[in-house]
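Report on the following structure.
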Amino acid sequence: MPDISTDFTKAAKDIAAVAKDATYVVIGAGVLGFQQAQVQRQELRKLLAEPKADIEDRVAAVRSDLSGALHNVDTTVVSLAERLEEIIERLETAVAPLEDRLPPQARDLAKQAHVQAKEARTQLRSRIPTAAA
């Protein structure tokens with residue numbers, strides 16, 4: 001009988017050693033799996049961050065282009081307004097001598113038209129800076 005109890009003790013020790021080794025293998029595999037998941041997470045984070053940075057660069061470039069285009073439009077509007085003022089002044093100086101020759105009623109109508117035109121130009125001038133800003 002001593003052989004049977006020795007065999008049971010030896011078998012129990014062997015089973016305990018195998019269980020201990022299996023536990024170490026499972027824990028080691030878990031640690032390796034966790035580390036691999038961390039590496040993949042970091043790589044995925046980098047991949048997702050790159051398009052975001054690229055999009056932000058593109059948006060910044062579009063904003064810059066749009067800002068430049070708006071500045072060009074503003075400059076063009078101001079330039080056109082100045083040219084229009086010059087043309088109106090030339091027309092008024094050219095038409096002024098003719099108005100003096102008109103009959104009194106027509107002269108009054110022409111003066112009213114000048115006053116309304118000046119008011120319209122004043123309103124237009126007041127709106128140009130807000131559109132250009």
Inset, instruction - Test LYS20 against the stated conditions and say whether it is modelled with pLDDT of 90 or more and among the basic types (Lys, Arg). - result: yes
Legend entry - Any hit, the stretch 102-116, residues being within 25 Å of ILE128 (Cα to Cα) and β-branched (Val, Ile, Thr): yes
Legend entry - Check on LYS20, in a helix (DSSP H, G or I) and surrounded by fewer than 10 Cβ atoms within 10 Å (Cβ to Cβ): no
Inset, instruction - Find the residue count for the stretch 28-59, including only residues that are of a type in the set (Gly, Ala, Ser), at pLDDT below 90 and surrounded by 10 or more Cβ atoms within 10 Å (Cβ to Cβ). - result: 1
Inset, instruction - Name every residue in the stretch 100-120 that is surrounded by 11 or more Cβ atoms within 10 Å (Cβ to Cβ), charged (D, E, K, R) and either at pLDDT below 80 or over 30 Å from SER79 (Cα atoms) (or both), in order of residue number. - result: ARG107, ASP108
Legend entry - Considering residues of the stretch 76-99 that are β-branched (Val, Ile, Thr) and within 25 Å of LEU66 (Cβ to Cβ) only, the residue surrounded by the fewest Cβ atoms within 10 Å (Cβ to Cβ): THR76
Inset, instruction - Report the residue count in the stretch 102-124 for those that are of a type in the set (A, V, I, L, M), part of a helix (DSSP H, G or I) and over 50 Å from the mean Cα position of the chain (by Cα). - result: 3
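The values are calculated or read from the model by the stated rules, or taken from the named source; none is laboratory data. For clarity, every value in this text was computed on a predicted model and none was experimentally measured. Quick reminder, even Gly has a Cβ in these numbers, built from the backbone with ideal geometry, and neighbours come from all protein chains shown.
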